[in-house]
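Participant: Take a look at the following structure, please.
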Amino acid sequence: MAPASPATVAHAQGVLRGPVRSGNGRLMPELPEVETVCRGLAIALEGRRLTRVDVNRPDLRFPLPTDLTARLTGRRVERVWRRAKYIQVALDDQTVMLGHLGMSGRIVITPGLPNQIGPHDHIVFHVDDGTVLRFIDPRRFGMIDLATLSTLDQHKWLAALGPEPLDCSAFTAAVLHSASSAKRSPIKAVLLDQGVVAGLGNIYVSEALHHARIMPTRIASTLTRREAAALVKAIVTVLTKAIAAGGSSFSDHVQPSGELGYFQHSWAVYGREGEGCPGCDCETKVERIVQSNRSTFYCAKRQR
């Protein structure tokens, strides 16, 4: 795992969460947000032992493992990392806890148990140094499951995932061009297909397509090899910058210990309908359309 950014270290004792409500509705956490969460969890958990796990309800989006408490209590955390939009926590007995934040999920880290456990504090993890982590999920779209390290790639949540976009040996221009060459759907829809590339979501696909100067409505099969190479480069650039900024956070007011990141201040097109895009003298400004019930932002002059 790469060294944690200053923003990540600042959140090691705070709130680790995905995007919250914006003017465009509730958004799912994407790769940079989950990566930031995992780096914060790694600081708090790696090398530490879980002394107690309190499960306060039997289910989130799906039923929780009935043996979750028994299998986690007393175990030492060996590693925390991300696969696509999933949090993965490996323990010293080869068990792996898989987690997904859903829409409203967040993980709150405090130096001790708070005076009051809230109604949405569904799982509470106690660590041997006194640290307490609470999985809080008001809407209960989050997920937790257990797997084993040796068969992790075959888990039902992970088995069909495509390559990681930041893995330069797995996600290449040739891979993207091959995956898109037979697709008659828009290129944006192809990039959101987790079987084509893992972890991308609405925000960063819009940003990457703008960066690569490709219209989101372009039929994927029309993408040239050169355009595929430009798009791969754009995806890597956008994600790398977003991770360095701690991901994106949305709220009118967020306390310093709760703010996930600052990349929302660097968006070129996402959420900027009617504004000019950076480095472009576009007269029509940033436009918004809806594709598959999701907002897409783009510049009609810059993108083709």
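Participant: Which ordering of 175, 205, 108 is given by a fewest-first count of other beta-carbon atoms within 10 Å?
Facilitator: On the way: 175 17, 205 25, 108 20.
Sorted ascending by nearby Cβ count, the order is 175, 108, 205.
Participant: Add +1 for every Lys or Arg and -1 for every Asp or Glu among the other residues with Cβ under 9 Å from the Cβ of residue 188, and state the total.
Facilitator: Numbers: positive: 218, 294; negative: none.
Taking every Cβ under 9 Å from that of residue 188, the sum is +2.
Participant: Based on other C-beta atoms within 10 Å, arrange 292, 266 from fewest to most. Walk me through the numbers before you get to the answer.
Facilitator: Numbers: 292 11, 266 14.
Result, fewest neighbours first: 292, 266.
Participant: A further question on this structure: Contour minus end-to-end for residue 61 and residue 184, with contour as 0.36 nm per residue of separation and end-to-end as the Cα-Cα distance?
Facilitator: On the way: separation 123, 0.36 × 123 = 44.28 nm, distance 3.25 nm.
So the extension gain works out to 41.0 nm.
Participant: Cα to Cα, under 20 Å, and not fewer than 8 places away if on the same chain: which lysines meet these conditions relative to residue 156?
Facilitator: By straight Cα distance, residue 156 reaches 85.
Participant: Bins of 5 Å, beginning at zero and ending with the bin holding the largest distance: percent of Cα pairs per bin for segment 6-154, please.
Facilitator: Pairs per bin, as whole percents: 2, 10, 20, 25, 24, 14, 4, 1, 0.
Participant: Taking a virtual spin label 7 Å from the Cα of residue 151 along the C-beta vector, which residues in segment 85-114 bring their backbone nitrogen under 14 Å of it?
Facilitator: Under 14 Å, as judged by backbone N against the label point of residue 151, lie 95-96 of segment 85-114.
Participant: Also, I was wondering about something else. If neighbour count is taken as other Cβ atoms inside 10 Å, put 46, 35 in order from fewest to most. Mind showing how you got there, number by number?
Facilitator: On the way: 46 16, 35 26.
Result, fewest neighbours first: 46, 35.
Every number in this text was worked out from the coordinates using simple rules, so none of it is lab data. Keep in mind that what you see is a predicted model, and the values were worked out from it rather than measured. Neighbour counts are summed over all protein chains in view; Cβ atoms, including those assigned to glycine, are modelled from backbone coordinates with ideal geometry.
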